[in-house]
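A quick write-up on the structure given underneath.
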Amino acid sequence: MHRYDGNEPDRAAVPAYDIIRRHVSDAPTVEMYAVGPISSLGRGSAPPPGHEPVPESASESGGESTLTRRVGRVAAASAVALVFSELVSFGQTIALARLLSPAEVGMFAAGTVLTMLLTTFVEGGLRSALVQRKERVADAAETVFRASFVNATAVTVCALAAAPIIGMIFDNRTIGLIAAATSGFLLLFALTNVPEALLQRDFSVKRRIIVGPAVSVSFAVVSVVLAARGFGVWSMVIGSYVSYVVWVVTVWWLARWRPGRGRASFRLWRELARYGSPVVLGMLGARLQSTAEAAVVGRGLSASALGHYRYGQRIAQIPVRFIVEVGAFSLFPAFARIAEEGDRERLRAAYLRAIRITTVGAAALTGLIIALGEPAVVIVFGDRWRAAGAVVVAMAGLGLGKAWMSVSEEAIKGAGRTGLLNWQTALEVVLGIGLLLVGIKLFGLVGVGLATSATALIVAVVITGLARSVVGVRPVALLRAVAPPLPAAALALAATWPLEHLVLQADTRPILVGIGALLLDALVFVVIYLLVLAILAPDVVRGFARLAVRLGHRVRRNSTSRGAISVNSESRPARETN
């Protein structure tokens with residue numbers, strides 16, 4: 001989030017929709033087919049919202065419903081919805097940047113700082129605890145609903161009372177008014193806790209396909225229309241409220257859960273809070289680290305440098321969002337279900353397969369960012385944003401680090417060992433801020449990006465080691481899972497970097513020619529990466545090939561089915577006439 005310090009940055013650094021998306025992304029779920037590389041996650045069935053788990057045999061008797069297919073569906077639906085939401089967000093960002101001043105966007109960001117922080121206390125880790133809950137799910141859901149509403153009421157009052165202080169800190173009355181007006185976000189956010197958790201337990205495809213895009217479209221339409229009519233910063237406030245209402249309505253409609261179906265108890269709340277407290281600490285650590293980054297860059301360098309940093313950070317996090325949104329959030333309920341069954345061997349196999357597949361994607365994206373990050377930013381945003389491109393390259397390690405962290409975090413949470421996440425939180429905050437101070441002193445803005453990459457990679461190694469001990473994976477098996485993509489990406493990078501920076505130089509050419517050069521660079525990278533990967537890990541490449549073949553068969557089968565339906569629909573009137 002862009003930190004408003006009284007100076008007007010060159011341009012809005014972060015779209016206002018990010019605030020909504022961060023909330024929605026904290027609770028995703030979804031349901032889809034996993035074919036090919038993810039095929040050994042194992043079998044299982046997710047209980048319907050608010051109900052206890054049913055035996056696997058019972059679930060399979062109604063049709064072929066496996067945990068593997070559900071996790072796969074989650075990944076596919078997440079990818080589709082994320083692409084759509086990113087496109088909408090990008091269009092909305094451009095529109096608001098033309099309709100609103102950077103100062104107005106900065107005031108909105110500053111006015112919502114407290115609200116973003118307090119959402120951590122509203123959620124309280126109870127959502128994750130409900131997803132992982134093995135028994136008395138209906139009672140736990142009722143407990144989470146009541147506790148969330150009580151928490152939200154308390155923090156809303158606190159936010160409203162603190163709004164004048166926010167205005168005084170930033171020396172801007174409008175920011176104080178925005179802080180007061182947006183305190184209502186907290187009550188709406190509390191209403192999403194239970195339905196989001198139940199949808200995640202149920203691997204709901206509809207949640208990912210419907211909710212995320214609906215939220216992004218509602219904010220974009222309302223905020224852009226109101227901004228065009230002269231509402232200024234309040235267009236984003238009203239647009240955010242509409243987005244929250246859409247979020248609440250859609251998740252309640254999809255979950256089909258209503259209060260009163262279980263019995264809340266203080267004892268249950270303590271059990272859930274005990275599980276979720278490390279998750280809360282992790283959220284607070286992330287918020288603290290983000291605030292420190294904004295303060296150090298904004299005050300240590302300049303508002304312009306902060307703008308470059310935020311743009312670079314946003315671009316560098318795009319592959320991270322794809323990795324986390326597409327896989328990690330669907331893995332948590334899958335790991336929890338397998339751990340509940342007590343099948344250690346299946347849990348080990350699922351963890352190794354998941355971390356291997358995420359490494360394949362993350363290693364490739366990291367290499368591409370290092371090779372093409374700066375010229376790509378210059379072509380899209382213009383030469384004045386070249387510094388942001390340098391930040392993107394410096395943050396390339398973020399994708400690989402977050403990929404390992406996300407899978408390992410979900411495995412630890414699924415196994416019920418959330419206390420181990422406290423080590424991650426402490427290390428991330430201390431190491432992140434420490435390296436940030438060193439990096440900015442030695443290398444300036446690029447040093448901030450390098451500090452982010454180094455922190456992500458070091459924390460990823462530590463949290464992966466903790467997950468390995470929880471799941472029971474041998475070091476050799478883990479190394480075999482994550483090692484092959486790394487040299488493949490390194491060799492592809494070694495060929496692509498000189499091709500772009502010494503030969504093609506896409507950022508020095510006209511836009512269309514530059515885009516063509518970047519596509520050629522990317523093609524060369526992918527071909528070399530897959531060829532090397534086929535030698536080092538042929539089973540992974542074969543898995544993706546099988547996936548492509550199955551998708552092709554499915555498309556043809558769907559086309560045939562539509563044709564058959566069309567024929568049948570034409571024959572019915574004739575039978576009715578007769």
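For Val476, indicate whether it is surrounded by fewer than 17 Cβ atoms within 10 Å (Cβ to Cβ), of a type in the set (Val, Ile, Thr) and in the same structural domain as Gly401 (by TED's automatic domain parsing).
Yes.
Can you pull out the helices (runs of 4 or more DSSP H) entirely within the range 443-542 that have at least 3 residues that are touching a Lys or Arg at 6+ places or on another chain (Cβ under 9 Å) and either without any contact (Cβ under 8 Å) to a residue 60 or more places away in the chain or not polar (S, T, N, Q) (or both)? Passing ranges, in order: 445-471, 475-482, 511-536. The set of residues in the range 463-521 that are among the charged types (D, E, K, R) and within 15 Å of Arg348 (Cβ to Cβ) comprises Arg468, Arg474, Arg480. Considering (1) over 30 Å from Ile338 (Cα atoms); (2) of a type in the set (Gly, Ala, Ser); (3) at pLDDT below 90, the lone condition that Ala490 does not fulfil carries the number (3). Inspection of the range 163-178 finds a residue satisfying the criterion of being farther than 20 Å from Ser243 by Cβ, among the charged types (D, E, K, R) and part of a helix (DSSP H, G or I). Among the helices (runs of 4 or more DSSP H) confined to the range 336-437, the ones with at least 3 residues that are buried (at least 24 other Cβ atoms within 10 Å of the Cβ) and under 18 Å from the mean Cα position of the chain (by Cα) are located at 344-381, 397-414. For Thr182, are the conditions met, namely being farther than 30 Å from Glu410 by Cα, assigned to a helix (DSSP H, G or I), in the same structural domain as Val224 (by TED's automatic domain parsing) and modelled with pLDDT of 80 or more? When the stated conditions are applied, Thr182 passes them.
Of all residues in the range 223-244, those satisfying the criterion of being more than 21 Å from the chain's Cα centre (by Cα) and within 18 Å of Leu188 (Cα to Cα) are Met236, Val237, Ile238, Gly239, Tyr241, Val242.
Yes/no per residue for (1) modelled with pLDDT under 85; (2) in the same structural domain as Arg337 (by TED's automatic domain parsing); (3) not β-branched (Val, Ile, Thr):
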position: Asn193; (1), (2), (3): yes, no, yes
position: Val205; (1), (2), (3): yes, no, no
position: Ser218; (1), (2), (3): no, no, yes
position: Val233; (1), (2), (3): yes, no, no
position: Trp253; (1), (2), (3): no, no, yes
position: Trp257; (1), (2), (3): yes, no, yes
position: Ala292; (1), (2), (3): yes, no, yes
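Only one of the numbered conditions (1) modelled with pLDDT of 80 or more; (2) under 21 Å from Arg337 (Cα atoms); (3) basic (Lys, Arg) is violated by Arg146, and that is (2). For the range 249-268, a residue qualifies if it is outside any loop (DSSP other than H, G, I, E, B), within 15 Å of Arg136 (Cα to Cα) and in contact (Cβ under 8 Å) with a residue 24 or more places away in the chain, and exactly one does: Leu268. Asn172 satisfies every condition listed in (1) closer than 30 Å to Glu104 by Cβ; (2) crowded, with 20+ Cβ neighbours inside 10 Å; (3) at pLDDT below 80 except (2).
On inspection, Asp139 qualifies as over 25 Å from the mean Cα position of the chain (by Cα), part of a helix (DSSP H, G or I) and touching a residue at least 40 places away in the same chain (Cβ under 8 Å). Of all the listed residues (Ala179, Ala159, Ala141), the sole one being surrounded by 21 or more Cβ atoms within 10 Å (Cβ to Cβ) and over 27 Å from Met236 (Cα atoms) is Ala141.
The values are calculated or read from the model by the stated rules, or taken from the named source; none is laboratory data. Note that the coordinates shown come from a computational prediction; the quantities given were computed from them, not determined experimentally. We place every Cβ from the backbone using ideal geometry, glycine too, and count neighbours over all the protein chains shown.
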